[in-house]
Every structure is written in C-alpha cells, then in structure tokens.
Amino acid sequence: MDHSRAPVLEALQEFRRRNDVVYGPPGHKQGRGADPRVVDVVGRDVFRSDVLMLNGLDDRRESQGVLEQAQELMADAVGAEHAFFSTCGSSLSVKTAMLAVAGPGEKLLLSRNAHKSVIAAVVVNGVVPVWVHPKFDAERHLAHPPEPDDVRRRLKEHPDAKGMLLITPTDWGTCADIGGVARVCHEFDVPLIVDEAWGAHLPFHPDLPPWGMDHEADLVVTSVHKMGGAIEQSSVFHLQYERVSPEVLKQREDLLGTTSASPLVYATLDGWRRQMAEHGRELLEVAIHRAQRIRKAAAELPGLRVMDREVVREGLAADLDPLKIVIDVRELGVSGMQACEWLRTNRHVDVGGSDTCRISASITHADDDRTEETLLAALQALVDGADSIEARSPVHLPEPAALELEQAMRPRDAFFAEAEHVPAERAAGRISAESVSPYPPGVPVIAPGEVITDEVLDYLRSGVEHGVLVPDAADPSVRTLRVVARAA
C-alpha cells in the first residue's frame, strides 16, 4: 500500500482549501466564533481543523472512504488484518474489546494489575471477572504481567471463560510473554485481548519488545498518544484471525463510542502512521540509543536505582521496553511522589509516572539532545537536593499476598448494591461497593465486590497521609469507605 498517503489529513487539507461555509456543528464555525482569549492559547488552526467527518471531511454517503482508507493503511503498517480508529481513548476501547468477547454474566480472564478502566468495564459490561494475579516483585514492590502457566491454570478452573485480557507493557515497561499466553488461550479456543496502551511504537523497530499482532494475539488496543505521535484520546483497535468478529467489534464500539468523533484525533493518527511507516525505524533507533545513554548516566548517580533487564534475567518479566526509564528513589530517603513534585517545582520537569517507590520517564522519537540533557541535569539536581525535601510519614507497603483480596460478589452487583459508608477502622471484613485506586498508576487496590482487609486499609491510609491521591473513592481521604449494606 502507498504509505506516503494520509487520507484524513489530505481530506482536511482539501476542506480548508475549498473554504466551505458550514451551517451545522461545530458551533464555533471553524473558529469564527471562538473566544479570542481561547484562540490566543490553543491557536486558530485547532478550530479550523475541527470539522465533522460527514458533510465535512467526507460526504453524507462516505463515498470517498476517507476513514476506511486510513484504517486500511494502519492495519497494513502494523501487520493486522483490520484496524479501527477510536477517539475516546483506550479506556473506552478496552471496554469495547471486552464486550466484543464476553457479554453480561459471562466470564473473562483479567490481569488483576489492570487499570481502573478495566474494572469500570467489568461494572458497566456486567462481565464476571476471573482474576489472573500478576507476578509480584516484593523487592521493587511492583507487579509484572502474569505468565502462560497462570493463564492455563485459570482456564482449566473456568473452562466456560470466553477469553483473556492481558496488560502489556505495564505502566513501568515490563512485558508479558504474549505468544505464550496466546497459545494457551488458543488451546482452549478462546481469544486473547491485549491492552497494549503503552505499546503503539512496538511494531516499528525489531529491538523493541514483542508486538501483539506479531505474537498471535487476536485483538490489540493501543493508545497512540502515550508513546506515539497522535494527540490525547487517540486509540486504535487491531484485529486478526476469526475469534473476534470485526462486525461485532464495530457494533460494540458503536454502542459505547461517540457519534461526534474528533477529526483532530483521526488526522493525527493518520499522520503518525505515515511517519512511522516511512521513518519509524530510524526515528526509534535514535530514541533507543538515547534511552540507553540516559539509563546508563542515571544509574551512575548515587541513590538512584534504574530498572534494567535484570527483571528479565530474574524471570520476573518476559521483556522490558527500553524507552521506559524507571528509577527507584527510595535510597534518597524520599518517595516517588515527592521526587515527582520536587522535579516539577524546582526544575520544571514533569516525569511520566510516580508511586511510593519510583518515578518513570518515557523517551520517544520526539526527544532530542536538549530534552536528554534537561532530564539528566534534573536527576542530578534531585540527588543533590534530596536532603532538603521534607520528610513525610512512611507508606506501609503490604506483602504481595495481602493484595490478593477475596472476591465475595460480582463487581457489578456490588457497585449497584445498596451501600453505606463506614469508618475505615470498621471496614475490614466488609464488601467494597467502590473502586479504591491510588493514582498514579490508577490500578485499584480494592475493586467492587472484594473483601476489605486491615492490611490494605493500613496501606491506603498511610499512603493518603504521605500524599497519595485516591480520586475515585467516595471519600478520597479514606477515612470512610463505601461498602455493601448488610441486610436488615
């Protein structure tokens, strides 16, 4: 296929050339009605490019096939049979993918280290989760993806399960054995969905970790805004084989997705695919070498422990994305959140992620010598200034086994059950009616339907006192919890 083409971008360019006068949405009329104060910040071209797909970039009958052509080019570029664009982010795309495989009341295997969007999907879709617990790394207090044997064991225990959702890479860059998990799923004749939100770049360089479509996954969801070159909310479904019907996937997406898709998202997805198809290997080659230099230099700074391929050698993960620079800062006497806040306040450097133990920085094809130097100078300054960071009460990290809570009710049933608020000191033993997700990274410690324990409460309460945010809890202070009401 001709990857020099970018059908959505070309249609947008043609629309602007024609200078059409529009008498329908959007109401700002290509920026003519936009508040000048808004235009001063975001620019007029944002509004000029905000056009309806129908009777805008394409005609009412979609006879030019603008979006279809762009999706076919994306599928060809990454080796998928089908690709579908989504403008609602992978949080919604994952919900759609799950619903395309398992309906209400049906079982689906899920990695328990899933993002809160997956738990939300379980509630919204009515899917019955069969949790596949990740491999916990007690030393790093980190969850790595589950292994094929974990999946095989759960499928044997639940032969009526409709499929498996695997999260890889994790927020911290550790990767699953996708091929091994796919082969296990296919032995049981069920599809493998891969939430590869952090992996949009993986198909475009051979030295990067495995890409789901190349390792027998049936359906892969990527967030191109995370490691690629498209704007926020850009997501793509990639599909192959016959275990998930393209027709069913499109219908489920139509059920959940917006009818006012943003052409800005489509256009940047289209342009990013063209850039990667034409120049991806060379751009990512430079990024990989840059990340290697940063990792080596950061590892030489006292008090910083950089996660490297030892997690693979130790058998904790199948692979590691080299573009994720994950740095444990505990030897500096601070938490990852404190380091993140200090870097933002004192160096105007925003790291991509942080938790109680570490920070992370994503290196992409967009980085250059200046951003490399800026990051390393900021890390050096953090090391030099760590003693000035005010001490906070410690977070009581639980043993890994304490995070595997009993599932006493279906998440949907618990979420919609009659509920009451109880003080945290009386919540142990009660069934949660809410998700409680320290953010970042946004992985629920407690999901609806799970039995709350003293160990998890101690972890959450000490985390909040330290500065951890819990935005999805009814009471973000975790002084009270929303639990399923007891029968009268």
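Things to note:
- Within the chain, percent of DSSP bridges classed antiparallel, to nearest 5: 70
- Charge dipole of the chain about the Cα centre (unit charges at C-beta), most positive-ward option of Leu376, Ala182, Ala34: Ala34
- The shape of the stretch 197-261 comes out oblate: with a ≥ b ≥ c from the C-alpha gyration tensor, a/c is at least 1.5 while a/b does not beat b/c.
- Per residue, the convex hull spanned by the Cα atoms of the stretch 60-186 amounts to 140 cubic angstrom.
- Amide H to amide H distances under 5 Å link Asp472 with Ser437, where only residues 5 or more positions off or on other chains count and H is placed in the peptide plane.
- Model label zone, His133; criterion: amide N under 15 Å from point 7 Å along Cα-to-beta-carbon; scope the stretch 92-122: 110-114
- Ranked by solvent-accessible area (1.4 Å probe, protein heavy atoms only, all chains present), the residues Trp211, Trp198 order from largest to smallest as Trp198, Trp211.
- Size descriptors for the stretch 1-122, from the alpha-carbon set: Rg then Dmax equal 18.9, 52 Å.
- Remark on the stretch 68-108: hydrodynamic radius 11.7 angstrom, per the Kirkwood mean of 1/r across alpha carbon pairs.
- Among the protein heavy atoms of the chain, carbon and sulfur supply 48% of the accessible surface, probe 1.4 Å, non-protein parts ignored.
- The percentage of C-alpha pairs in the stretch 256-410 whose separation is greater than 20 Å is 61%.
- For the stretch 163-283, the orientation-averaged shadow of the C-alpha convex hull comes to 7.8 nm² (one quarter of the hull surface).
- Simple spin-label estimate for Met1 and Glu68 in nanometres, 7 Å along Cα-Cβ: 1.3
- These residues, Cys88, Cys175, go from largest to smallest accessible area, 1.4 Å probe, as Cys88, Cys175.
- Reciprocal of mean inverse Cα separation for the chain (Kirkwood radius, Å): 23.9
- In the context of the full protein assembly, Tyr266 retains an accessible surface of approximately 20 Å², using a probe radius of 1.4 Å and ignoring ligands and nucleic acids.
- Spatial separation of Cα centroids for the stretch 406-450 and the stretch 230-290, in angstrom: 34
- Difference of contour (0.36 nm per residue) and Cα-Cα distance, Asp308 to Asp254: 15.3 nm
The values are calculated or read from the model by the stated rules, or taken from the named source; none is laboratory data. Just so it is clear, the structure is predicted and the values come from calculations on it, not from any experiment. Reconstructed Cβ throughout: ideal geometry from the backbone, glycine too, with neighbour counts over all protein chains shown. Note: accessible area is taken over every heavy atom of the protein model, side chains too, but ligands, DNA and RNA are not part of it. Shrake-Rupley method; radii C 1.70, N 1.55, O 1.52, S 1.80 Å.
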